[in-house]
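Participant: Can you read through this structure? Questions will come right after.
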Amino acid sequence: MTRQTRKLLFITLTAMAIAAMAFGVFACESEKTYKVAVMFSQGKDIHCYGTFIESFEKELKRQGINANISYHYLNCDKWGHNEEVEEARRLIDQARMNGDPDMFVTIGDEVTYSFMTTRDSLTKTLPVVFGAVAFPNPSLLKANPNLTGFTDSLNAVKNIYLAQKMCGIYAVNTLLSEHYLDKQLKKRIKMQIADHPEITDNIGWEHTLFEILNLPEGQFSITPFSLYNLDKNTAMSEKQDSLGNENLMLAMSRFSKMTYMQMKYDSESIMMVNMSSKKPMLSATWLDFGAPESKFIAGYFAGAESIAADVAERAAKILHGAKPQDFTIRPTKQEYWIDWNVAKKHGYTKDNLPVGFNVVNLSWKEMHHRLYLTLIYGSIILGLIVIVLLFRLYLKERKQKHKALRRVERENMLFNMAIENSQAFAWERYGTTLYLSDTFWLHYGHEPHVCDMDEFMEMIHPDYRAVYLKGVEKVNNGDTFKGEVKADFYQNGEWHWYQIRGKGVFDKNNNYMRSYGMLLKVDEYKLKEFQLVEARRLAEEATLKESFLANMSHEIRTPLNAIVGFSQLLAQPDADFAPEEKALFIETINTNNELLLKLINDILDLSRAESGQMDFVIKNYKVSEVMDKIYATHSVQMPKHLAFNYVKSDDVEISVDESRLRQVIGNFLTNAGKFTPEGSVTLGWNTIHETGKVELYVEDTGIGLSEEDRKMVFSRFYKKNEFKQGTGLGLSICKVIVARLNGEIKVKSQLGKGSRFSVYIKQA
C-alpha cells in the first residue's frame, strides 16, 4: 500500500466517523424531549385556553418537537401588582420542580410583565416566547434579549363598526378602570378613532348619555364605563367620569341604541354584563369568546388557534437552535369572528351570516342542512330498499331451509327448530371491552351500554366460566370457538342455556386485534337434547335391567340349584356316602350360600344407596391407616399368579367413612384380580399438593376397557363379562359411596393394556 493510498484511506475513515457522529447527534437531537412551561394571565377556567393548548401541542408536534409541557395560571384578576409578581415567582418555582425547563411561554400582558419583573435567574437565561401581549414594553424587550413573541393589539374601529353591522346600534359602551392597562387601552382607542370623525370620542365623558343617544344617524360613539369610584346618587344626564354597576345595567337594559363591547378580559365585568344585558354584545378579545354562557355575538381579534400557531412555530425554531433576538416582534393575524349560538338567538340564519367571518359553535349539520336532510332521506329510502331485498332473500332462504329440515332426522329437525326460534345477538370484543348489540340489552331489560369482561362473567354461571375463558383463549390464539354455557342475563336468578360462537381478527403480522361472534339462546335445543339423552338412558337402563334380571335369575338359580341338589343328596335316608364326599357336599353348599348372600347384599346396598339411607360415619384417618389394612387383606386374596404391588406417598389425613372407602377400593382390587390374566396389580396413593386432594388408586395390566365400556362402567346393571360371576352393581355402588364422601371416581383404561381406577378425596 502506497503512502498516498494510506493517506486517502485515513481521510475516508475519518470522514465516515465524523458522519456517524453527526448522525448520532442528529438522532439524539430528534429524539430529545424538551420541557416547556406555559404561563397564562387568567385562571384555568378560561374558555379559549383549552383551544389554545390543543392547537399549541399540535403545532409543536408538526414542527418536530417532542415536548413535556406544564401549564400554570396566574389568575391576575385576584391580585394587585406586587401580589402578581409574588404569584409569578411561585409559578416559576412550580415549573422547575422536575428540573429547569428549556423554555418559558407567557400568554397575556399581566403574566408576561409579572414574570419578567420577578428577576428570577431563569427569566434572564432561558428563552421566553410571549403571545397575546397588547402593550409590548420596548425597554423591557431591549433589556432582555431572551424575550421574543407576538402582539395582539385590539382594533377599536373595526369592532365599533361591527356594532352597527351586527346589531344596528351606534352607541358602544365598554368597561375600563384607571388601572395601567386600562389607561393604555383608552389612549389606544383615542388614537385609533382620531382619524374617524364619524366616531364620537367620549373617552373622557365629553358628552352625557342623553347627548350620545341623540347623535345624528350614522354617527358612532364609544363611552367607557367604570366599575370603580361608584356614585349611585348622580343622575345619568349629568357629566361624570364614572358610573356604577346599577347605572350601567340601567343603561344597557333601557336604551335600545346602546350595546357593550368587551375590550379586555375582566371576569367581574363579563359576569355583570352577561346577567344584565339582553342585547347582543361585541368582543375585541379572544379569551371568553364562544363560551357556553357567553352573550358576545361577534368581534375582530386574533383567535386562540392563530396565537397558538404563531407562538408554537417560534418556540420550535428556538428549540431547534435559533436565538430569540433573531426574530422581530410582530402582531398575530386578526380576523372577524361570530358565535353561532348567540347569532341564532338574535334572528340570524346560516344563509345571512356575514361573509368572511370565522364561525364558532356551528355544527356540520347546521352548516349543511339541506345536504344533511338529503342524506337522511336518502338513507331512509336506501334502507327501505335494502330491507325489502333482505326480506326477499330471507323468504327465499327460509323456504330452502324448510325443504332441508324435512329431509333430516327428527333429532336434527328438533335441533334446527330450537336454533330458529332462539334469540341471536351479535357481539364484538376489543381487549377486555365487550360490545353487545342494543337489542341484547333491551331484550333482557337493561339500558344499552358497553361492558367489560368482568361484568359479562358475573352473568355466567360459576360452573361455566372456565368454558368461556377457554373460548377467549382459543379465539386469541387464532382458533374458532363454539361452546355452551349457562347464564342469567335477565338477572332474576334463573339460568338459561346459551351457545357462544367466536372468531378472531388478526393484522398482516398475525397479531390479535379483535374478535366477534354470535350469542344464541338454546334452551329449547338443550331441553330436546336432555330429553333425547334421558330417553336413551332409560332405554339403555331398560335393556340393562332386562339383562340384569336374566343374569340375576341365572346367578340366583345357580347357587340355589347347588344348595337344593346337594341338600337333597345328603337328606336321602338310604344314601351311603363316604365322609370325604359328605364334606365336599357341605363345602359346596356353604360356598353357594355365601355367593347367594353377596347377591342379596349387593341388591340391598344398591337400594339403600339410591334412597339415601346408607349410613356413613365420617372420621379423620391417616391414608396409610386405611391403605395398609386394605393391602393386608387383599394380599392374601389376590390370585397367586399376579404380582401385587403397594406404592405409598406423603401420609396425610382424610375425612372418610373407613369401611365404605375400604368397600370401594376392595371392589377395585377384586375386579382387577378377576380381569387380569397375567402381570400385576398395584395398590397406591398420590398426594396432590396443588389441589389439596389425595388420589387412591388400583392399577392393573389386565384386559382393559374400550371407549364405550369406559362410558358405561359405572352404570347400574353393567357387566363386562356376562359369564363372570357378579351382579354388575359393584362399581355403581362405589360411585354413590364416593359421591357421599364428597369425592370423585374416575377410570383410565386402554383396551388390552390395563386399567386404573381412582378415588379423589380432599385432605382433612
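Participant: Taking just the alpha carbons, could you work out the radius of gyration and Dmax for segment 421-521, both in angstroms?
Facilitator: Considering segment 421-521 through its Cα atoms, Rg and Dmax are 13.3, 45 Å.
Participant: Under the rule of at least 5 residues apart or a separate chain, name every residue whose amide H is placed under 5 Å from the amide H of Ala67.
Facilitator: Long-range HN contacts for Ala67: Tyr34.
Participant: Amide H to amide H under 5 Å from Thr200: which residues, 5+ apart in sequence or cross-chain, H placed 1.01 Å off N in plane?
Facilitator: Phe220, Ser221, Ile222
Participant: Could you go through segment 79-86 in sequence order and give the Karplus-derived ³J(HN,Hα) for each residue, using 6.51 cos²θ - 1.76 cosθ + 1.60 with θ = phi - 60°, rounded to whole Hz, and x for Gly and Pro?
Facilitator: 10, x, 4, 4, 5, 4, 5, 5
Participant: As an exercise, use a Förster radius of 30 Å and the Cβ-Cβ distance of Asn601 and Met712 to find the FRET efficiency, rounded to the nearest 0.05.
Facilitator: On the way: r = 23 Å, r/R0 = 0.77.
Computed FRET efficiency for Asn601 and Met712: 0.80.
Participant: For the pairs Lys44/Lys344; Lys142/Lys183; Lys503/Lys746; Lys396/Lys711; Lys264/Lys317, note any where the Cα-Cα span goes beyond 32 Å.
Facilitator: Numbers: Lys44/Lys344 29 Å; Lys142/Lys183 23 Å; Lys503/Lys746 34 Å; Lys396/Lys711 44 Å; Lys264/Lys317 30 Å.
Exceeds cut-off: Lys503/Lys746; Lys396/Lys711.
Participant: While we're here: When ranked by the protection proxy of mean other Cβ atoms within 10 Å per residue, highest first, what sequence do the peptides 483-493, 124-134 form?
Facilitator: On the way: 483-493: 15.1, 124-134: 21.8.
Result, highest mean first: 124-134, 483-493.
Participant: While we're on this one: Pull up all non-local amide H partners of Ser283: gap of 5 or more, or a different chain, and H-to-H distance under 5 Å with H placed in the peptide plane.
Facilitator: When sequence neighbours closer than 5 places are left aside, the close amide H contacts are Gln262, Ala298, Gly299, Tyr300.
Participant: Right, here's the next one. Of the listed peptides 72-83, 504-515, what is their order by residue-averaged count of other C-beta atoms within 10 Å, with the highest listed first? Display every interim value, and only then the final one.
Facilitator: On the way: 72-83: 15.8, 504-515: 11.3.
Peptide ranking by packing, descending: 72-83, 504-515.
Participant: Calculated FRET efficiency, Lys190 and Asn358, Cβ-Cβ r, R0 25 Å, to nearest 0.05? The partial results should precede the final answer.
Facilitator: Values: r = 29 Å, r/R0 = 1.14.
That gives a FRET efficiency of 0.30.
Participant: For segment 87-145, what does the relative contact order come out to in percent, with C-alpha contacts under 8 Å and a separation of six or more? Write out the running numbers ahead of the final one.
Facilitator: Working: 46 pairs, mean separation 22.9, N = 59.
Reported relative contact order: 39 percent.
Participant: Relative to 2.2 N^0.38 Å, what does the C-alpha radius of gyration of segment 615-762 come to as a ratio? Two decimals please.
Facilitator: Values: Rg = 14.6 Å, N = 148, 2.2 N^0.38 = 14.7 Å.
Segment 615-762 yields a ratio of 1.00.
Participant: Next question. At a Förster radius of 56 Å, what calculated FRET efficiency corresponds to the Cβ-Cβ distance of Lys124 and Ile381, to the nearest 0.05?
Facilitator: 0.20
Participant: For a protection proxy built on the mean count of beta-carbon atoms within 10 angstrom, sort 661-674, 520-533, 575-588 highest first, please. Display every interim value, and only then the final one.
Facilitator: Values: 661-674: 20.7, 520-533: 16.1, 575-588: 11.4.
Ranking, from highest mean packing down: 661-674, 520-533, 575-588.
Laboratory data are not the source of any read-out in this text; all were calculated from the coordinates shown. Nothing here was measured: the structure is a model prediction, and the numbers come from that model. Here Cβ is always computed from backbone atoms with ideal geometry, including for glycine, and neighbour counts include all displayed protein chains.
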